[in-house]
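Have a look at the structure below before the remarks.
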Amino acid sequence: MCGIAGYLGKRKASPILLDAVRRLEYRGYDSVGIATLHEQRLSVRKAVGNVEEVDKKLHFAEMPGNVGIAHTRWATTGKVTDENAHPHLSNNGKIAVVHNGIIENYQELKGFLQKNGYTLKSQTDTEVIPNLIEHHMKRKSLKQAFLETLRQLEGTFSIVALDEGSGTILGARHNSPLVLGLARDGTYIASDVSPFIEATKKAVLLEDDEAVILDNKLEILNFRTGKPVRKKIFLMHWNYEQAKKGDYEHFMMKEIDEQGSTIKKAVQQDAKLMKKAVSMVKKAFGVFLVGCGTSYHACVSASYVFSHIAKKHVNVVLASEFENHREFLTNKTLLIALSQSGETADVLEAVRIAKDKGVKIIAITNVVSSTLTQLADETIMMNCGPEICVLSTKSYTAQLAILTALVYGLAGKLEAGKKLVLQAAAKVPDIIRDSTPKIKALASKIKDSRSIFLIGRDMAYPSALEGALKIKEVSYIHAEGFAGGELKHGTIALIEDNVPVIVLATEHTKKEILANAMEVKARGGYIIGINSRQDDVYDYFIEVPEAGMANPILMIIPIQILAYYLAIERNLDPDKPRNLAKSVTVK
Ligand code: AGP
């Protein structure tokens with residue numbers, strides 16, 4: 001996934017665009033580039049590295065002009081090189097383009113362009129876009145050439161282009177987000193609202209197949225039909241303070257700390273909406289929960305609440321595997337799609353497959369302008385504010401909070417479910433305060449482990465999966481979570497002296513999981529207990545109060561903190577782990 005932005009207005013564009021890519025950097029940080037236009041001359045500066053590194057070299061804010069575009073890249077097609085960094089130029093150097101997504105037919109378009117005498121310098125798919133616009137401008141206006149180009153593209157794209165001749169900014173989206181910010185000093189266009197949220201609260205959320213032509217006026221149209229589109233102006237409730245680090249060193253710890261309040265906000269949903277969602281689950285014949293990564297773990301965790309509280313079977317499927325379940329879908333099926341970003345390609349693909357079969361969709365997401373909200377029949381917002389760290393922390397516990405309440409609602413006990421979650425939320429600040437010193441010491445003790453294992457039973461099993469993901473994606477230590485009962489079916493072969501094994505115990509599973517802990521200890525494992533009560537088998541103990549069906553909300557918090565400090569101990573950046581991006585918008 002990449003971050004794209006553009007600005008046209010009264011102010012100097014380059015400082016605005018530099019700030020924009022800083023705010024979008026969580027979407028990818030392999031390379032950065034900016035193009036501005038001054039006195040009818042396009043200038044482009046771009047290089048490999050994150051925003052700070054590249055700005056130190058290229059001094060973006062020096063670039064003149066009051067119109068420009070910018071890009072921060074997470075590489076998909078083409079290696080991480082200066083040449084492959086965006087913006088990309090047409091052969092005649094008069095059209096600059098930044099792009100988020102994948103043009104699936106770019107090889108064919110590249111061949112067409114090369115046959116017509118164009119040379120493409122980069123390995124990217126994006127470079128075909130400015131050159132197609134140049135090609136079509138030989139016989140059409142800029143606007144028509146842009147629309148013609150868009151109709152030739154297959155795949156996913158949000159695009160911002162800048163034309164040297166007219167100083168016009170052109171934008172368009174297909175299965176990738178793009179929003180406009182309408183400020184007094186000018187017009188912004190970006191992948192999300194963060195670049196302009198302080199300049200204006202007025203946003204226009206573009207929908208699929210919509211294009212924007214921005215010069216001294218603003219035109220929005222459907223690029224398939226060419227017909228103008230009327231759009232409403234959203235007033236964004238976000239404030240950028242929420243998305244700033246404040247006095248935290250990293251977003252990750254800030255967002256872990258915020259969970260005391262974000263879990264509360266998540267569960268305080270509009271009563272009518274929750275009632276509607278409950279009735280959709282009740283009416284459905286076949287319920288699927290889909291997600292990826294952490295969101296998938298929330299689905300697995302919720303399936304235990306569906307079973308224990310509502311006595312209802314639900315199908316939990318990785319979004320990337322959902323197409324193999326197509327045969328089971330009917331117009332009576334319900335799909336609950338979890339995605340913090342609302343842009344994860346596999347989740348959107350699963351939703352499209354389901355919609356083709358007449359399946360009703362409930363989305364649980366955190367981004368109001370996301371593609372998922374536009375595809376869903378009903379959307380439950382996680383309301384946990386911008387999650388900037390690549391790792392999902394507060395969004396995970398927000399998803400758990402919403403799903404727990406939903407299931408209690410299904411059992412006719414919505415208020416009881418909300419109360420349970422709110423009681424758990426109230427314990428979060430103490431858990432963080434009381435456990436952090438011990439967790440810091442633990443991180444320094446196990447930071448050089450080759451592997452870390454996590455075991456749990458019942459609802460603590462998905463917590464073990466999620467804990468392993470947190471640890472491995474931020475510390476690069478191999479970590480594996482699995483069901484305690486699975487230990488003897490293979491993994492115990494990996495246990496040797498001092499291998500750390502985190503044991504997630506609850507009142508309900510204590511007896512069996514401690515027996516598993518004894519088996520591991522007998523083979524030299526180092527036992528770290530996360531539990532409401534100490535036990536002799538533990539070599540290290542972190543207390544987490546018992547919370548019944550809300551246990552998964554609380555027991556993940558010490559592991560989030562452990563993952564954070566493991567990264568710090570290993571001198572890694574917890575907010576931007578290597579090779580990862582905040583949302584995987586490619587399949
Ligand atoms: C979790 O820490 C990771 N960042 C990743 O697994 C993430 O949960 C997954 O990519 C799904 O993202 P989404 O919730 O935005 O769809």
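The values are calculated or read from the model by the stated rules, or taken from the named source; none is laboratory data. Remember, predicted model here, so these are calculated numbers, not experimental data. With ideal geometry, Cβ positions are generated from the backbone for all residues, glycine too; neighbour counts draw on all protein chains shown.
The numbered conditions (1) within 28 Å of Lys254 (Cβ to Cβ); (2) part of a helix (DSSP H, G or I); (3) among the acidic types (Asp, Glu) are all true for Glu387 except (2). Among the residues here, Val537 does not qualify as out of contact with any Lys or Arg (no Cβ under 8 Å at 6 or more places or on another chain) and aliphatic (A, V, I, L, M).
Conditions tested, residue by residue: (1) within 30 Å of His308 (Cα to Cα); (2) surrounded by fewer than 23 Cβ atoms within 10 Å (Cβ to Cβ).
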| position | (1), (2) |
| --- | --- |
| Lys438 | no, yes |
| Asp448 | no, yes |
| Arg457 | yes, yes |
| Ala460 | yes, no |
| Lys470 | yes, no |
| Leu494 | no, yes |
| Leu504 | yes, no |
| Ile528 | yes, no |
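In the stretch 1-17, the residues that are over 12 Å from Leu170 (Cα atoms) and touching a residue at least 60 places away in the same chain (Cβ under 8 Å) reach residues that are in a loop (DSSP other than H, G, I, E, B) and among the basic types (Lys, Arg) with C-beta atoms within less than 9 angstrom, at least six apart or across chains, in these pairs: Met1/Lys582; Gly9/Arg184; Lys10/Arg184. The sole residue among Ile69, Ile102, Ile95 that is under 21 Å from Ala5 (Cβ atoms) and out of contact with any Leu (no Cβ under 9 Å at 6 or more places or on another chain) is Ile102. Note on the stretch 407-421: residues that are buried (at least 17 other Cβ atoms within 10 Å of the Cβ) and either under 17 Å from Asn551 (Cβ atoms) or touching a Gly at 6+ places or on another chain (Cβ under 6 Å) (or both) total 6.
Counting the residues of the stretch 541-587 that are within 12 Å of the ligand (Cβ to nearest atom), in contact with an Asp or Glu (Cβ under 7 Å, 6 or more places away or on another chain) and modelled with pLDDT of 95 or more gives 1.
I'd like to check something: does the stretch 267-286 contain any residue that is under 28 Å from Tyr564 (Cα atoms), out of contact with any Cys (no Cβ under 8 Å at 6 or more places or on another chain), assigned to a helix (DSSP H, G or I) and more than 16 Å from the ligand (Cβ to nearest atom)?
Initially, the stretch 267-286 is screened for residues under 28 Å from Tyr564 (Cα atoms), giving 267.
Next, from what is left, pick out any that are out of contact with any Cys (no Cβ under 8 Å at 6 or more places or on another chain): 267.
Still in the running and assigned to a helix (DSSP H, G or I): 267.
With the extra rule that they be more than 16 Å from the ligand (Cβ to nearest atom), the set shrinks to 267.
Yes, the stretch 267-286 has at least one match.
Among the criteria (1) farther than 30 Å from Asp497 by Cα; (2) small (Gly, Ala, Ser); (3) touching a Ser or Thr at 6+ places or on another chain (Cβ under 7 Å), the one Ala425 does not fulfil is (3).
Within the stretch 517-526, one or more residues are surrounded by fewer than 23 Cβ atoms within 10 Å (Cβ to Cβ) and assigned to a strand (DSSP E or B).
When Leu554 is tested against (1) surrounded by fewer than 17 Cβ atoms within 10 Å (Cβ to Cβ); (2) in a helix (DSSP H, G or I), only condition (1) is not met. Would the stretch 435-450 turn up any residue that is among the aliphatic types (A, V, I, L, M), under 26 Å from the mean Cα position of the chain (by Cα) and part of a helix (DSSP H, G or I)? Scanning the stretch 435-450 turns up no residue that is among the aliphatic types (A, V, I, L, M), under 26 Å from the mean Cα position of the chain (by Cα) and part of a helix (DSSP H, G or I). The selection criterion, being touching a residue at least 24 places away in the same chain (Cβ under 8 Å), over 27 Å from His237 (Cβ atoms) and within 16 Å of the ligand (Cβ to nearest atom), holds for Ala319.
Taking Asn331, is it modelled with pLDDT of 95 or more, touching a Gly at 6+ places or on another chain (Cβ under 9 Å) and not in a strand (DSSP E or B)? I'd like the intermediate steps shown before the answer.
Working: modelled with pLDDT of 95 or more: yes; touching a Gly at 6+ places or on another chain (Cβ under 9 Å): yes; not in a strand (DSSP E or B): yes.
Yes: the conditions hold for Asn331.
Filtered by the rule that a residue be within 11 Å of the ligand (Cβ to nearest atom) and either part of a strand (DSSP E or B) or surrounded by fewer than 21 Cβ atoms within 10 Å (Cβ to Cβ) (or both), the stretch 343-379 gives Ala363, Ile364, Thr365.
From the list Ala35, Ala47, Ala13, Ala20, exactly one residue is buried (at least 20 other Cβ atoms within 10 Å of the Cβ), more than 21 Å from Glu164 (Cα to Cα) and at pLDDT 95 or above. Which is it?
On the way: Ala35 fails: more than 21 Å from Glu164 (Cα to Cα); Ala47 fails: buried (at least 20 other Cβ atoms within 10 Å of the Cβ); Ala13 fails: more than 21 Å from Glu164 (Cα to Cα).
Within the list Ala35, Ala47, Ala13, Ala20, the selection yields Ala20.
If you check Thr126, Thr149, Thr77 for being part of a loop (DSSP other than H, G, I, E, B), in contact with a helix residue (DSSP H, G or I) (Cβ under 9 Å, 6 or more places away or on another chain) and at pLDDT 95 or above, only one passes: Thr126. In the stretch 287-302, which residue that is more than 23 Å from Asn331 (Cβ to Cβ) and either near the ligand (Cβ under 6 Å from one of its atoms) or surrounded by fewer than 24 Cβ atoms within 10 Å (Cβ to Cβ) (or both) is farthest from the chain's Cα centre (by Cα)? Across the stretch 287-302, the extreme among qualifying residues is Val300.
Give the residue that is surrounded by the most Cβ atoms within 10 Å (Cβ to Cβ), with candidates limited to residues of the stretch 161-174 that are under 16 Å from Asp209 (Cβ atoms) and out of contact with any helix residue (DSSP H, G or I) (no Cβ under 6 Å at 6 or more places or on another chain). It would help to see each step written out before you state the result.
Filtering the stretch 161-174 down to residues under 16 Å from Asp209 (Cβ atoms) leaves 170-174.
Okay, now just the ones that are also out of contact with any helix residue (DSSP H, G or I) (no Cβ under 6 Å at 6 or more places or on another chain), so 171, 173-174.
Details: Gly171: 25, Arg173: 27, His174: 22.
My answer is Arg173.
Looking at the stretch 494-505, can you tell me whether even one residue there is assigned to a helix (DSSP H, G or I) and away from the ligand (no atom under 16 Å from the Cβ)? Yes, there is a match, as at least one residue in the stretch 494-505 is assigned to a helix (DSSP H, G or I) and away from the ligand (no atom under 16 Å from the Cβ). Checking each residue in the stretch 259-286 for being surrounded by 21 or more Cβ atoms within 10 Å (Cβ to Cβ) and within 23 Å of the chain's Cα centre (by Cα) picks out Gln259, Thr262, Ile263, Ala266, Val267, Gln269.
Can you confirm whether Ala337 is crowded, with 24+ Cβ neighbours inside 10 Å and without any contact (Cβ under 8 Å) to a residue 60 or more places away in the chain? The answer is yes for Ala337. Summed over the stretch 389-403, residues that are under 14 Å from Ala424 (Cβ atoms), within 11 Å of the ligand (Cβ to nearest atom) and of a type in the set (A, V, I, L, M) total 1. Cβ-Cβ contacts under 7 Å between residues 6 or more apart (or on different chains), taken from a first residue in the stretch 481-507 that is of a type in the set (Phe, Trp, Tyr) to a second residue that is in a helix (DSSP H, G or I) and surrounded by fewer than 18 Cβ atoms within 10 Å (Cβ to Cβ), are listed as Phe482/Thr491.
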